[in-house]
Structures are given as C-alpha cells and as structure tokens.
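Below: one structure, written as structure tokens.
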Protein chains: 2
Amino acid sequence: MFRKLVSVDEAKRILAKNFTPKPVGKELVPLSEAYNRILTRDVVSPLDIPPFNRSTVDGYTVKGADTFGAEETRPIALKLIGKVDVGEAPRVKVEKGTTAEIVTGAPIPEGADAVVIVENTVRKDKTVLVHESVSLGENVMKAGSDIRKGETVLKKGAILSPHEVGVLAAVGLSKVEVYKRPKVAIFSTGAEVVEPGKPLREGKIFNINAYALSAAVAECGGQPLYMGVVQDETEQMTTAFKKALNTTDVVITSGGVSVGPTDIIPKVLDTLGKPGVIVYGIAIRPGKPTTIAIINNKPVFSLPGHPASTLLIFHLFVRSALFHMAGRKEDPPLTVNAVTSERLFPSRGRRTYVTVTLKRDKSRRIVASPVPAGLYGAITTLAKADGFTVIHESQQFIEKSQIVKVELFKPSVYYSLMR
Amino acid sequence: MFRKLVSVDEAKRILAKNFTPKPVGKELVPLSEAYNRILTRDVVSPLDIPPFNRSTVDGYTVKGADTFGAEETRPIALKLIGKVDVGEAPRVKVEKGTTAEIVTGAPIPEGADAVVIVENTVRKDKTVLVHESVSLGENVMKAGSDIRKGETVLKKGAILSPHEVGVLAAVGLSKVEVYKRPKVAIFSTGAEVVEPGKPLREGKIFNINAYALSAAVAECGGQPLYMGVVQDETEQMTTAFKKALNTTDVVITSGGVSVGPTDIIPKVLDTLGKPGVIVYGIAIRPGKPTTIAIINNKPVFSLPGHPASTLLIFHLFVRSALFHMAGRKEDPPLTVNAVTSERLFPSRGRRTYVTVTLKRDKSRRIVASPVPAGLYGAITTLAKADGFTVIHESQQFIEKSQIVKVELFKPSVYYSLMR
C-alpha cells in the first residue's frame, strides 16, 4: 500500500468531506444525572411560575379597596377570618371587610388582591387594624410573573450547569432529554504491550495509550470502551474491528508506545466497508503514522504509538468529531501568549507541533520551553507537556524570545499560570 | 435568637477561624477511573523507562566496533544469527562478526550495542552487508533514558488529565491513590416543596434548590447525597441534621424557592455540637438569610430559598471549602471585563452582587445587563445569569457604560463570548 503523506489541512478537508459528525442519539435521564449533559431541544415551561399568586411578605391579605384611606393614625378595622399557610390551598375566602393572616410564599386566597405587611397592622382578637392603604397587587407576586406557561426557558444545545438544572426543576421536569454520549472503542496493538499492574517480562512495556485515550474520550463527552490488546495479525485485527464497529460509534487504535502501526491496519480497514482508508500518513511532526478510515459512516482513527503523539493527533482530529457527536459545540482552544526560551526548528516539510512547558519568569512573562520530544522522551513529554505551539510548513524557524501562541492541553495549566 | 448581620468579609473570616477545610480522605481507584481525580502523593517510577535498551529503527543490531570503516562502496559482511522481535526476550547473543535482524521497539540482544538501519544494508542468505559505520549506542534508546527508576514523575496534588493518566500507566500502576470526594448532604425545607415530576397541587411549588445544589456540588468535586424535604419542625429537623452529620462531611440546606429559612434551623443547630451557629445573616444582597454552623468540625450551610441567591452564596462560601476538602486547589475565578448597560445601584449597607447577562454589541464590546433579581424573577434570573459584578458597601452606584469585572458562573459563557 502506497503511503502518500497529506498536509494537516488536507487531512482535515478529506475527513470533513467523508464524515460529518452528528449527534449519535438522544436519551432521557433523571434530573439528578443531568448535570453537564446537553439539551436536545428547547424547553418550554408547562406551567406559570409561580403557579399561583403568592404573598411576598408576612402580614394580612385583603381586598386593596378595603384599605383605602387607612393611615398610621387612622386605621381601618377588618374582621379576621382565618389564616393561609405556605404549601396549602387556602381554606378561606376574603369578602369585603374581612382579612386573613398570611405568610411569605403562601397563596393569595379567593377574593383578596393585596397584602398588608404585618408591621403596619395591630391585631386584637378577631379584628385587625390596618394602618396603611395598599393598592391592588401590592406585596403579591402574580402567577406567571416570573415565567409564563408556554415560555421558552432553555435552548436546545444548552450545557446543563447547576443553573440550568435548577430551571428544569422549576418547570417540574424529573427527566430530561439529552444527547447520548458517543461510544468509543479503544484498542491497543502490539506484541510488546502489557497491562499496568501485570508483571513486566523482558522485552515488554506497559500499555499507556489505552488509558490516556480513555481519559481523553471522557473529557470530550464520549464513553470509552476499552477492548484490550489486539495482535498485529489480519484475522484477529479483522475480528476486533468488526466487533468495535458493530457496537460503538467511533473506533480508536494505537500502538502501546513508540511503535508505529504496522501496515496490517489499513489493509484490514479497506476490507470492512466504504470508503475505507481516507488518510494514510500526515505531513505532521509528531504524528506522521496516522491512519483515518471511514467504514459505513463510522470513523476509525489509527493513531501513532508514541503517547504524546497520540494525544496530539487526538486533540487535532478526534476531539472535534467527538464534541459534535456528543451534541456539543467544540470549546474553542484555550491559549496563552508566551515567549520562546530558545530557537525552535520545524521538521522539514511537515507542520511541526512543539510541545512546551510553561512557566512564569521573574518579570511575570510566560516562557515556553520545548520538552524533549521523539522516541527518547515519551513519558517525560507526557508528564511535562502544558501545551504546544505550531511551526507552519513555510516557516524556517521561530526565533528565541519571540512571542508565540501556545494552545493548552488542559484548563488547570491556565489556572495555575493565572494564580 | 438575635440576628446580627455581618459583612461578607467578616463572614469569611469567621468561617476561616472556625473551620479549616482539609481533604476528607484517600482511596485507591483503578486507573480506568482515575481521570480528573487528584493525586495524594508524589509518584515515583518503580522502573526504568524504557525498561531495556530498545532499537529505534528497523535494521540489524551489531557491535558498533564491527562496522568501523564500512562505507557505501565498501561494505562489511556480518553473519546473520537470528531475529529479535518486539515484545520478546532476545534468543540470540551477538558475538564479534555477527548480527541479528531487529525491528523498531525490540530489545537489543546481549553483545550488541548499536543498530544499522535496514536501508543501509544488503542481505544475502545468512550474510548481511553493512554499508555504514555506526557508533556505540546509535539507533538505540537506552534503558532509563526517558525516565529513570526512582525519578518523580508526578507531583502530589496533580489533577489527572489524560496526560497524567498516561504517565501512571507508563510506570505500571493499575491503581492510584487519590483524594476522596467529600460527601455532601443536601436537604430542602418547607411545606410547599414538591419534587419535580409529581403533581403540583394548589399552593405548592417544585423543589429547585436540591437539584441545582447537587449539580453545584458535583462541579466542585463533591458527592451530593440528596436527603429529601424536611419540614420546619424541631424534631424532624434534628433527626435530619443528626443523620446528615453522621454520614457526610458537609451539610447544605435550603428552602424550596424564595422563602427564607425559618428560625428553627439555627436553634436546632446550636443543640447539636460546638461551636454551633457562627454566622447568622450576612450583609449581602441577595443572600442575607444565610446561616453557617460548625458542628464537631463539620460545616453546615443553611442557604436562602431563592435559587439564584442559593447558588451565589454557594459560589462565595461553599465552593472554596469543597475544593479544599476534595484535595484540590480552588480554580481562580473566571472573569471578563464588560461595560454596564445601565446604572447599577447597590442595596444600602449591603455588598450587592448584581447578576448579569453578557452579550457582545456591534462593536464587539462585552455588555453586562442586570437580570431581574429578587422574588419576581427567580427562574428568569437562574436561566439568564451568566455571572455577577460586585458593588461594594462603600460605593453609591456603578455608572452606565462603566467597565466592570464580571465573574462568570460557568466556563461555557467564556467560550461562547470568545467564539
């Protein structure tokens, strides 16, 4: 199979032409599990909020007209006919010349249209002396004054933060329709890969990418399903891909560490469905041995074995697809400006992503220092990478002390720089 | 019970004096569940990475000295004695004058110290013609060259992003010790509160705060445990608090909506342990009827009933405690500068938090418009609040078109403004 490298932009174009990421589905979840999920439709209030006229004070509920002319020195006497409590349907009706005791939040009973605050009344047995006049609606929160029945309270696509969860509760929803989390099959390849926790015999190394990728999938709103280590052997690989494609929405494979995918993967992929392999090698550093296939409208990303490369390619190609498949707008990249600690060189003819560590220097400038990349620092890179800066194909180098834009791998880096 | 309002700063001081939030505990979790958790200790690599000398190319492994003088036109012949594969202990030993085939990632066999890349060799049966000289260590990644055994790879307090999860896998950990998520009891109070999904009889309103607060607790790394609606009655309230304090690390109560806590809560709290109620009313708007107690070193936050007030007080007083109890540094506030759409007035003598909606105007300025607060717009406020700006006790007002700092309630607001 002939490998023709394509540029990063071309790879993105090819992917976009062959696959349009769409939400994978919808599901009803209980409100208690709705946090951070995404609404599939506008939410319209099925009721007025508040659902009834409520008193906003403790006092006596009246017909406003009955208090006309009342003053501090010249009260008007009303007959006390009962009490209205919070959470209860009123059992009294306020007729002309009468009043009922009421507390904050309780419903205004039939016949009444205003409330006199308790401080402006004097009670004597069954008589209440009202020392102020109140107009119609005074100290009353009208039904529907906050939200009217039929009003749209939340929009399709809203991320359910604590505020939105509160709004859903307010309109009485115990369940809510949200986008399904896309299921993502992850498997590792390579005879040298051993699961962490198992003994490491000679020649073996621990499986890194399956765990790092599972976390990255969760971070984008996907549901990682780890399917184990598959050997570089046609039959096993075919079985693994078939199973993954039948049960999940996206498939991601990668080597255990620092070994590029063998040629078996693209060959197998091309037998499984159309259009098959669409990208086979990208002019990028790191991450050249990246294969992308679309099989019956499901994307398969075969990522490089080097873990820092795998996470970078994930960030550039997989993240956006997963966001959209989860019904979510992609968060724009979190970036900071930083000065380079040294001259940075690209890999000739390839767009080069220089992984950097960020620190503030004495004058509070953010300094970006490249971390050792390539085969010799796989884990060091992983541990120290705060983000990356890009050297375009056309650039010769980036000068020392130049200001560059650094895209961050995680918000915690941003927060710690801002502290 | 006498209510003496304290200022926001004083309330924070009193809380800090009476309660120092500390991580509530540690637990071992499988690596597959470690994403976004917090490390309790430095992680030291128990092994060299790579654990053995590895070939970085496909080719023939040799004693470098054997290739001395080899050139393109003058190859040196070595005897082929076997092959080393990835993931296997080598079954050959390279003696003087011999070589073994090797693939990328495979261990360098005993006796060999370098690798000749396949492109610079010609193979004829059991003889390999080497057309370049390689020096000792060439094309070999030395054991420990990435990470040395005993090296600290991650620091205590690190948030486990996909990168850190990868590092843990690389050093072979299948489980990792992380801080426990603090358990937070949440209950609502009030006779008028009905759970969403249930029928809403007259005089009742839906329970909003329990759901909004549960989501807010989850957002800060806590584990919300909803304990239902408790009536404003001494015995029920005492039982509920005792149960909550016995089984969780923090207790949060609030009214269902827009009804302040009755006086029963502070009285009950004072009977349950020392020091009891430490803050009983704060000179803040909204959120005045906030009660804070410490019972046997566990904090109890009794929040106002109005849901927007509840979430604001949560943000100002509870969030920080939960972060620390979860073993996590508090994320600094996410803020933007915005111009005010109108003159903003404070509530006299109280620090006033004006809830605002943020939008960009035609000239791309971010404009902060106050959303209707108070009793008349509880849910509207909840639905539209992007963040808040603060008017200090000493300020008379904030002028229209003035630039103010707005603290955001959620990162999604930041992202949508930056799009």
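The values are calculated or read from the model by the stated rules, or taken from the named source; none is laboratory data. This one's a predicted model, so the numbers in the text were calculated from it and none came from an experiment. So basically every Cβ, Gly included, is an ideal-geometry build from the backbone, and we count neighbours across all protein chains shown.
Below, the figures for the structure above:
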quantity: Positions within the range B:179-212 being at the interface with another protein chain (Cβ under 9 Å from one of its Cβ atoms), in contact (Cβ under 8 Å) with a residue 24 or more places away in the chain and part of a loop (DSSP other than H, G, I, E, B), in sequence order; calculated: B:Gly190, B:Ala191, B:Glu192, B:Glu195, B:Asn207, B:Ile208
quantity: Conditions (1) in contact with an Asp or Glu (Cβ under 8 Å, 6 or more places away or on another chain); (2) at pLDDT 90 or above; number of the one not met by A:Gly256; calculated: (2)
quantity: Residue match in the range A:214-221 (condition: of a type in the set (A, V, I, L, M, F, W, C), under 28 Å from B:Pro90 (Cβ atoms) and in contact with a Leu (Cβ under 8 Å, 6 or more places away or on another chain)); calculated: no
quantity: Considering residues of the range A:151-169 that are more than 7 Å from chain B (Cβ to nearest Cβ) and part of a helix (DSSP H, G or I) only, the residue nearest to the chain's Cα centre (by Cα); calculated: A:Glu164
quantity: Test: B:Arg343 is within 29 Å of A:Val140 (Cα to Cα), surrounded by fewer than 20 Cβ atoms within 10 Å (Cβ to Cβ) and touching a residue at least 24 places away in the same chain (Cβ under 8 Å); calculated: yes
quantity: Residue count, the range A:47-71 (criterion: more than 47 Å from the chain's Cα centre (by Cα) and among the basic types (Lys, Arg)); calculated: 1
quantity: B:Ile264 among the aliphatic types (A, V, I, L, M) and facing chain A (nearest Cβ under 8 Å); calculated: no
quantity: Count - residues of the range B:187-207 that are over 13 Å from B:Leu303 (Cα atoms), crowded, with 22+ Cβ neighbours inside 10 Å and of a type in the set (A, V, I, L, M, F, W, C); calculated: 3
quantity: Among (1) within 20 Å of B:Ser401 (Cα to Cα); (2) more than 27 Å from the chain's Cα centre (by Cα) - the single one B:Arg351 does not satisfy; calculated: (1)
quantity: Residue that is at pLDDT 95 or above, more than 10 Å from every other protein chain (Cβ to nearest Cβ), buried (at least 19 other Cβ atoms within 10 Å of the Cβ) and assigned to a loop (DSSP other than H, G, I, E, B), where the choices are B:Val128, B:Val115, B:Val134; calculated: B:Val134
quantity: Residue match in the range A:88-107 (condition: more than 30 Å from B:Thr380 (Cα to Cα), within 13 Å of chain B (Cβ to nearest Cβ) and of a type in the set (A, V, I, L, M)); calculated: yes
quantity: Complete set of residues in the range A:213-224 that are closer than 16 Å to A:Thr310 by Cα and touching a residue at least 24 places away in the same chain (Cβ under 8 Å); calculated: A:Leu213, A:Ser214, A:Ala216, A:Val217, A:Cys220, A:Pro224
quantity: Total residues in the range B:127-145, condition polar (S, T, N, Q) and within 15 Å of B:Gly64 (Cβ to Cβ); calculated: 3
quantity: Entirely in the range A:303-419, the helices (runs of 4 or more DSSP H) that have 2 or more residues that are within 25 Å of A:Phe187 (Cα to Cα) and within 14 Å of another protein chain (Cβ to nearest Cβ); calculated: A:307-313, A:319-325, A:378-384
quantity: Of all residues making up the range A:140-150, the number that are at the interface with another protein chain (Cβ under 10 Å from one of its Cβ atoms) and closer than 18 Å to A:Ala112 by Cα; calculated: 3
quantity: Breaking point among (1) under 24 Å from B:Leu31 (Cβ atoms); (2) surrounded by 14 or more Cβ atoms within 10 Å (Cβ to Cβ), for B:Arg148; calculated: (2)
quantity: Top-ranked residue in the range B:213-248 [being crowded, with 24+ Cβ neighbours inside 10 Å and more than 14 Å from chain A (Cβ to nearest Cβ); ranked as farthest from B:Glu330 (Cα to Cα)]; calculated: B:Phe241
quantity: Members of the range A:151-186 found to be more than 30 Å from A:Gly105 (Cβ to Cβ), touching a helix residue (DSSP H, G or I) at 6+ places or on another chain (Cβ under 6 Å) and surrounded by 23 or more Cβ atoms within 10 Å (Cβ to Cβ), listed by number; calculated: A:Pro182, A:Val184, A:Ala185, A:Ile186
quantity: Matching residues, the range A:99-112, being outside any loop (DSSP other than H, G, I, E, B), surrounded by fewer than 24 Cβ atoms within 10 Å (Cβ to Cβ) and in contact (Cβ under 8 Å) with a residue 40 or more places away in the chain; calculated: A:Glu101
quantity: Filtered residues of the range B:367-419 (kept if touching a His at 6+ places or on another chain (Cβ under 9 Å) and among the polar types (S, T, N, Q)); calculated: B:Thr381
quantity: Among (1) in the same structural domain as A:Ala215 (by TED's automatic domain parsing); (2) touching a strand residue (DSSP E or B) at 6+ places or on another chain (Cβ under 6 Å) - the single one A:Thr389 does not satisfy; calculated: (1)
quantity: Any hit, the range B:69-76, residues being hydroxyl-bearing (Ser, Thr, Tyr), crowded, with 20+ Cβ neighbours inside 10 Å and at pLDDT below 95; calculated: no
quantity: Only listed residue being out of contact with any Lys or Arg (no Cβ under 7 Å at 6 or more places or on another chain) and of a type in the set (Ser, Thr, Tyr), chosen from A:Thr248, A:Thr238; calculated: A:Thr238
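The rows are residues; the columns are (1) closer than 19 Å to A:Val413 by Cα; (2) touching a His at 6+ places or on another chain (Cβ under 6 Å); (3) modelled with pLDDT of 95 or more.
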{"site": "A:Asp331", "(1), (2), (3)": "yes, no, no"}
{"site": "A:Ala338", "(1), (2), (3)": "yes, no, yes"}
{"site": "A:Ser341", "(1), (2), (3)": "yes, no, yes"}
{"site": "A:Gly349", "(1), (2), (3)": "no, no, no"}
